[in-house]
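Structure first, commentary second.
The values are calculated or read from the model by the stated rules, or taken from the named source; none is laboratory data. Predicted, not measured: the structure shown is a model, and the values here were computed from it. Cβ placement follows ideal geometry from the backbone for every residue including glycine, while neighbour counts extend to all protein chains displayed.
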Amino acid sequence: MAIGSATSSSRAASPSRTGKAKRTKKSGQAKRKRRARGTKTADKTKLSRDARAAHQAGNSAHTNALAQNFGASPAPKTGRPDPMNPAAGGPSGVHKSRGTGYYPSNSKMEGGFNDRKGNKLATLQDFLEGKSKYVSVAMDKNQKIPYGKGLNIKELDQKYAEQLKKLGKEHIDFRVVDTGGAFTNKGTGRIDIATRDRKASLDPTINGPLTLDFGK
């Protein structure tokens with residue numbers, strides 16, 4: 001009886017195991033379907049991101065290509081104008097002027113740490129130490145001088161001839177990137193030169209008569 005009972009019990013358990021196996025199989029299939037759907041969704045998301053990135057890159061390349069085709073410079077990555085790539089126009093030739101110095105400061109007199117387009121002021125000392133490509137200067141806003149217009153100043157080239165020689169340069173590259181109320185309607189007769197600090201701004205050469213050469 002004990003043997004028969006065990007056998008009967010074993011047979012009775014078989015349908016239960018079969019049902020459980022079927023449920024396990026269905027559950028596994030469902031999991032595999034969910035994983036497949038998840039993989040497809042992830043692939044679509046990645047493709048969407050890649051497509052957007054490619055579209056943005058294409059737009060940027062297209063814009064820069066158009067700018068180069070029409071003789072302009074590509075837009076700078078900062079979104080601010082590049083002083084090293086000014087528009088055409090503005091003064092030309094040699095002009096007599098009177099100089100002053102200013103320096104980066106939050107005071108109302110000095111006007112802050114950035115030029116009128118938001119670029120950091122580049123000082124004369126930065127240029128002479130090889131830390132900047134140009135020197136920021138301020139001039140008359142009514143003169144309609146393009147942002148970044150370049151010029152040389154004979155007196156300062158002469159004063160810093162030794163430093164220029166070490167840098168392998170012939171001239172200090174000044175760029176008109178700023179303005180101020182003191183220069184309004186002064187034309188090319190006034191120029192303010194960015195220096196490192198107040199002491200440097202009082203340099204007698206900077207604050208004297210200067211010869212500005214805008215080139216041809």
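Assess whether Gly189 counts as being surrounded by fewer than 16 Cβ atoms within 10 Å (Cβ to Cβ) and either modelled with pLDDT under 95 or of a type outside the set (D, E, K, R) (or both).
So Gly189 passes the test.
Taking only pairs six or more apart or across chains, which ones have beta-carbon atoms under 8 Å, a first residue in the stretch 192-203 that is within 13 Å of Arg98 (Cα to Cα), and a second residue that is in a loop (DSSP other than H, G, I, E, B) and modelled with pLDDT under 95? Close Cβ pairs (under 8 Å, with a partner that is in a loop (DSSP other than H, G, I, E, B) and modelled with pLDDT under 95) amount to Asp192/Gly180.
Residues in the stretch 151-186 that are modelled with pLDDT under 95, surrounded by fewer than 18 Cβ atoms within 10 Å (Cβ to Cβ) and not in a helix (DSSP H, G or I): Thr184, Asn185, Lys186.
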